[in-house]
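Everything below concerns the one structure shown next.
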């Protein structure tokens, strides 16, 4: 004969005070429900969807049989207090739901409001790395006819309100252009034109960024539909080969384009070092070389202002515009050269 | 070119002078600045980037450069009834994201294309009774996203066919 027993025996209350009794039994109620078929398995992810920080929990799902299509994109989740943080994702029924509301508790259970994420945004940061975030979209111009123009031309129009987790990577999307397009070869481009970081900020409980995305034009010269990235650029990757490993890989950078304006301000170029074997590089072994044609030498002036920095200035002359100079940084036996174009100011 | 169909003839000649100029370098430079992939297939720009009328008919959803035009006969010549004034307007439109050109040009794309258009038509003897006169060249902004340079040229034409 199989005997059954209580897994979590109730605590013994001998004090007789009401608050003691409440504190002793309050979590039992939600724990019992979470252990039944009324609750569901969900996974809570941080904004980067890392499996390392994901948590499997049990939660009761409310509003799962909504009566309107807009309500059908909203769910409430109930679990033990301390489970949820605003800006986290809840993975439920094969979809990601963004916790948009501030988690609230009635001292027995915690409840959050979530919205369905319909689309995963993708963009490239200044350092070339790619960020992806699931986001919730609502129309910010519901009755707009989709085009605006005058007697010369018409442009497409559309605006979305986008909700995304509040984190350091998400805030880098402000001002960028992104594809919002489900087709295999996306062409619908939007520019993030408004960034609200305080509207849904919950200082102790995470938060949400609110963005406005405005319709922009597809740029075949810069946008990469295959990668799903607008304004795509090839990220810098230090070249390391197994056969002949370089001691140092050098990257020459500058603010803006690799161009110096003839007759304009001096431009500073910086050499960054990457050691292939992780060893420290003695920057004192670095040297700069500026190479240009003999005719242009009289117009090109440079000054090494720091071991890693060189400042180049070019005098104005119509003959020098459109030409280029070669800038080389050498460290130990390795060197890196770039061509610096000389522009005319526009 | 007198005879009542000058406007049609003028527009045909304008298109030819832009896309198939006798100075082929000039046409190549214009086409390259509008769409480098169209070099060698200049006619593909017609009704895609170059329009023989003033308004771009389709809603623009791509970063592009355009040329639109009109040919007008605003009045019979005030000097001589046997002549009429002809005004050619050529608009160069460039999306703001396409304005910047490689440093070697040292010019915005809109200004550069407009300067080539000016080379093609300024003092061009193939229109009217005397070489085309460069009247105005005005920059403006369209829908906050396109820069436009509007060039005007003037000539006079016979008011009717010669007997």
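Every number in this text was worked out from the coordinates using simple rules, so none of it is lab data. In this text, all values refer to a predicted model and were calculated from it rather than measured experimentally. We place every Cβ from the backbone using ideal geometry, glycine too, and count neighbours over all the protein chains shown.
Set the Förster distance to 35 Å, then compute FRET efficiency between residue A:48 and residue B:115 from the Cβ-Cβ distance, nearest 0.05.
So the FRET efficiency works out to roughly 0.10.
Rounded to the nearest 500, the helix-only mean residue ellipticity at 222 nm of chain B stands at -7500 deg cm²/dmol, with each DSSP H run of n ≥ 4 adding -39,500 (n - 2.57). Put simply, the C-alpha atoms of the stretch A:248-343 give a gyration tensor, and the ellipsoid matching it has half-axes of 27, 12, 11 Å, longest first. Modelled spin-label separation between residue A:311 and residue A:129, with each label point placed 7 Å from Cα along the Cα-to-Cβ direction: 3.3 nm.
The calculated FRET efficiency for residue B:8 paired with residue B:75, based on their beta-carbon distance and R0 = 25 Å, is about 0.80.
In this label model, residue A:291 and residue B:82 are separated by 7.0 nm, measuring between points 7 Å along each Cα→Cβ vector. Across chain B, the relative contact order, built from alpha-carbon pairs under 8 Å that are at least six residues apart, equals 23 percent. Projected onto its three principal axes, the C-alpha set of chain B covers 53, 32, 30 Å, listed from the longest axis down. Packing around the peptides A:71-78, B:41-48, A:38-45, B:148-155, taken as the average count of other Cβ atoms within 10 Å per residue, puts them in this order, highest first: B:148-155, A:71-78, A:38-45, B:41-48.
Panel values: the stretch A:18-116, Kirkwood radius from alpha carbon pairs, Stokes-Einstein at 37 °C and 0.692 mPa s, translational diffusion coefficient 233 µm²/s.
Residue by residue along A:337-343, Cβ atoms of other protein chains within 10 Å of the local Cβ number 2 on average.
For the protein assembly as shown, DSSP calls about 95 percent of its internal beta bridges antiparallel.
Across peptide B:94-101, the mean count of Cβ atoms from other chains lying within 10 Å of each residue's own Cβ comes to 3. Angle check, please: helix B:6-19 long axis (alpha carbons) against the longest principal axis of chain B (alpha carbons), in degrees 0 to 90, nearest 10. That works out to roughly 30 degrees. Note on residue A:72/residue A:25: beta-carbon distance plugged into 1/(1 + (r/R0)^6) with R0 of 30 Å gives a FRET efficiency of 0.25. In chain A, helical runs assigned H by DSSP with n ≥ 4 each contribute -39500 (n - 2.57); averaged across all residues and rounded to the nearest 500, the mean residue ellipticity at 222 nm is -1500 deg cm²/dmol. Taking chain A as a Gaussian network of alpha-carbon nodes connected by springs under 10 Å, the highest mean-square fluctuation of the residues A:211, A:92, A:190 belongs to A:92. Convex hull of alpha carbon positions in chain A: directionally averaged projected area 32.3 nm².
Per residue of peptide B:137-146, the mean number of Cβ atoms on other chains within 10 Å of the residue Cβ is 2. In this rough spin-label picture, where each label sits 7 Å from Cα along the Cβ direction, the residue B:26-residue A:346 distance is 2.0 nm.
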